[in-house]
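Step one of this worksheet: look at the structure below.
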Amino acid sequence: MTETDAKTDEAPAATEDTPAPPATTEDTKAPPARPPWWERHYTFFGSVVGLVFVWLSLTPSLLPRGPLFQGLVSGGAGAAGYMLGVLGVWLVRYMRGKDSSPRAPRWAWLVLLAAGLVSLVGMQFFFQDWQNDVRDLMGVPHLRWFNYPQAAVLALIVGFILVEIGQLVRRLVLFLVRQLERVAPRRVSGVVAVGVVLALSVALLNGVVARVTMDWLNSTFAAVNNEDSPDSPMPTTKLRSGGPESLVSWASLGHQGRIFVAGGPTVDDLTEFNGKPAVEPIRVYAGKDTGNDIRETAEIAAQELLRTGGLDREVVAVATTTGTGWINEAEASALEYMYNGDTAIVSMQYSFLPSWISFIVDKENARQAGQALFEAVDALVKEMPEAQRPKLVVFGESLGSFGGEAPFLSLNNLVARTDGALFSGPTFNNTIWTDLTASRDPGSPMWLPIYDKGENVRFVARPEDLNRPDESWGTPRVVYLQHASDPIAWWAPDLLFREPDWLREPRGYDVSPRMGWMPVVTFLQVSADMAVAVGVPDGHGHRYVQDVVNGWAAVLQPPGWTPEKTERLRPLMHADG
């Protein structure tokens, strides 16, 4: 044994009381620095995809967008892009069988931050150019310089809030996974945890949130429904609901019902326009009474029509309202001018909610109201001798057009049971309109189709479209007024992941040629457009006023009516009572 070996053998072993040998260089290395909070809190790839979605959200859509709605669209698009990016990373990791993925280096985050700031500033110039194009098509003023930073700040706030909500949901899922891993494999725990969170979310939204929200909405808009308008005095004639001998009280008509009943041209207005003595038009309306169901309310409206002598008029028009009970005054008064007051219009209210909310939660009531009201009126008309029956027509706008179609299964049924119809701003849920559009003649675009060579139905964006195709058409007639830029007509869930024909085919006259379809983003853009659909001039978006005159003239061809009268009447039209 050598000396060295002896020393080695004699060296005492290190114990808790004996100091350990000095640490090596490797042992004294400092622990790695903790990543910045954004690296720990956010996913790099998700942030990249979110930024791209923000860029895409600035591209033009159907209508001009102000800073508020642009901020909402960009913030929502950024959050949706971040979610898709995170989902993509998770799918790749799942397919590779990995529990984690490497972090992006800090320099990559710095590059992303710099690129994001520079690109967003640059995109503002493109956004300005695109918005100016759309605004010029609509004839509305350009945005001011300070509107652009307003939209950017709002987009950041909205995007941050939505992503943080998503992070909270993610933490809840991870918490459930950790608890379930005690009794099940990790991947099984993940699937179960996601399923539990989805089920809880749906139950919460459909239960507590939906109930509380609907109670609040109904109470809020019920209060609005009870508001009086100083411009809508109680009628003194028995030819109007709420007046003398009426079966319904003035207060029960609701806000929009009172506006409708008190509105319209006077006898003097009609006499002056037509140059001969007029009769007072009949307008009857039944409000939403909590003591009556939809069918009972429809029967009351029909009995009001009978009480006022409406069945003795030359034309009886059944109008289906929007959610709040609103009726487009232009559609009603144009009919009264054309027949010099020899008309009766009957309608009813089925909801307190605005049309876009009713479309989501109250659509079935709109359908039932349209059916019940028409059936009640039609039954009274059929009791009359055929030679004495008035012309029976239907009309409605937006959700009103959906309800107005409801009594009829098809165009043939509509033509067989009425003397004509005028529907404006139809929705994607309109059964007949959807079927006719899908079955349109080859070569006609989705935004302005031709069906069966225009034999009984015409689709109209501008008055000259009534002559499209250039062939005579039969009677009864149906006219759909629909603008190429109306988001109410073209919004559909399919926009999320499928390009619609109205963007793939040649564009309408007021749709920017720069608008393109992008998954998710276009859906968000058109959804935001719906909120401002009536905030544009007549002839664009969801604004139908003067062209209803041309529509009714084509549908009914009133005796003695001329194109010159149509042009004189158009400027007198307005949508509100």
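The values are calculated or read from the model by the stated rules, or taken from the named source; none is laboratory data. These figures come from a predicted structure and were not determined experimentally. Note that each Cβ is placed from the backbone with ideal geometry, even for glycine, and that neighbours are counted across all protein chains shown. Each accessible area value is taken on the protein alone, full model and side chains, heavy atoms only, with ligands, DNA and RNA left out. Shrake-Rupley method; radii C 1.70, N 1.55, O 1.52, S 1.80 Å.
Summary table below
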{"read-out": "Charge-dipole axis of the chain as Lys and Arg at +1 and Asp and Glu at -1 on Cβ define it, positive-most pick from Gly75, Pro102, Ala421", "value": "Pro102"}
{"read-out": "5 angstrom amide H check on Asp486, placed H, neighbours 5+ away", "value": "Gly541"}
{"read-out": "Calculated FRET value between Lys453 and Asp576, using beta carbons and R₀ = 45 Å, to 0.05", "value": "0.75"}
{"read-out": "Relative counts (whole %) of C-alpha pair distances in region 454-571, using bins that are 5 Å wide", "value": "2, 10, 18, 20, 17, 13, 10, 6, 3, 1, 0"}
{"read-out": "Packing rank of 330-339, 159-168, where each peptide gets the mean count of other beta carbons within 10 Å, highest leading", "value": "330-339, 159-168"}
{"read-out": "Projected label distance in nm at Arg96 and Phe160, using a 7 Å step from Cα toward the beta-carbon", "value": "3.2"}
{"read-out": "Cross-link pairs beyond the 32 Å C-alpha cut-off, checked among Lys276/Lys391; Lys238/Lys565; Lys276/Lys453", "value": "Lys276/Lys453"}
{"read-out": "For region 44-137, the spread of Cα positions along each principal axis, largest first, Å", "value": "54, 26, 17"}
{"read-out": "Using alpha-carbon coordinates, inclination of helix 147-180 to the longest axis of the chain, degrees", "value": "60"}
{"read-out": "Angle between the chain longest axis and helix 106-138 axis [Cα atoms, degrees, rounded to 10]", "value": "10"}
{"read-out": "Selection from Gln124, Pro469, Leu91 lying farthest towards where the dipole of the chain points positive, charges on Cβ", "value": "Leu91"}
{"read-out": "Distant alpha-carbon pairs in the chain (separation over 45 angstrom), percent", "value": "33"}
{"read-out": "Region 95-152 shape via C-alpha gyration tensor axes, a/c threshold 1.5", "value": "prolate"}
{"read-out": "Estimated dipole of the chain in Debye, rounded to 20 [Cβ of Lys and Arg +1, of Asp and Glu -1, Cα centre]", "value": "1140"}
{"read-out": "Rounded to the nearest 20 debye, dipole of region 332-451 from Cβ charges on Lys, Arg, Asp, Glu", "value": "140"}
{"read-out": "Paramagnetic reach from Ser472 in region 536-577 [backbone N under 16 Å; point 7 Å along Cα→Cβ]", "value": "557"}
{"read-out": "Added length on full extension, which subtracts the Cα-Cα distance from 0.36 nm per residue, Glu364 to Leu87", "value": "96.2 nm"}
{"read-out": "From phi via Karplus (6.51, -1.76, 1.60), per-residue ³J(HN,Hα) for region 54-67 in Hz, x at Gly/Pro", "value": "4, 4, 5, 5, 7, 5, x, 10, 6, 10, x, 10, x, x"}
{"read-out": "Extension gain (nm, one decimal) between Leu200 and Arg144, 0.36 nm per residue minus Cα-Cα", "value": "15.7 nm"}
{"read-out": "Degrees separating the helix 294-307 axis from the principal Cα axis of the chain, which is the longest one", "value": "20"}
{"read-out": "Gain upon complete extension [Glu245, Glu314; 0.36 nm per residue less C-alpha separation]", "value": "22.6 nm"}
{"read-out": "For the chain, calculated [θ]222 nm from helices alone, where every DSSP H run of n ≥ 4 adds -39500 (n - 2.57)", "value": "-15500 deg cm²/dmol"}
{"read-out": "Descending Cα extents along the principal axes, region 398-489, whole Å", "value": "31, 30, 22"}
{"read-out": "Protection proxy ranking of 126-133, 259-266, 383-390 - average other beta-carbon atoms within 10 Å, highest first", "value": "259-266, 126-133, 383-390"}
{"read-out": "Sites Leu110 and Asp501 - FRET efficiency at Förster radius 45 Å, r taken between beta-carbons, to 0.05", "value": "0.50"}
{"read-out": "Where the chain is the region considered: accessible area per residue in Å², 1.4 Å probe", "value": "50"}
{"read-out": "Simple Cβ-charge dipole of region 234-355, Lys/Arg +1 and Asp/Glu -1, about Cα centre, in debye nearest 20", "value": "220"}
{"read-out": "Region 452-520-region 116-153 distance, computed between alpha-carbon centres (Å)", "value": "28"}
{"read-out": "Charge-dipole axis of the chain as Lys and Arg at +1 and Asp and Glu at -1 on Cβ define it, positive-most pick from Asn292, Val49, Phe352", "value": "Val49"}
{"read-out": "Antiparallel bridges, percent of DSSP beta bridges restricted to the chain (to nearest 5)", "value": "0"}
{"read-out": "By average C-beta atoms within 10 angstrom, highest first, the peptides 146-156, 550-560, 108-118", "value": "550-560, 146-156, 108-118"}
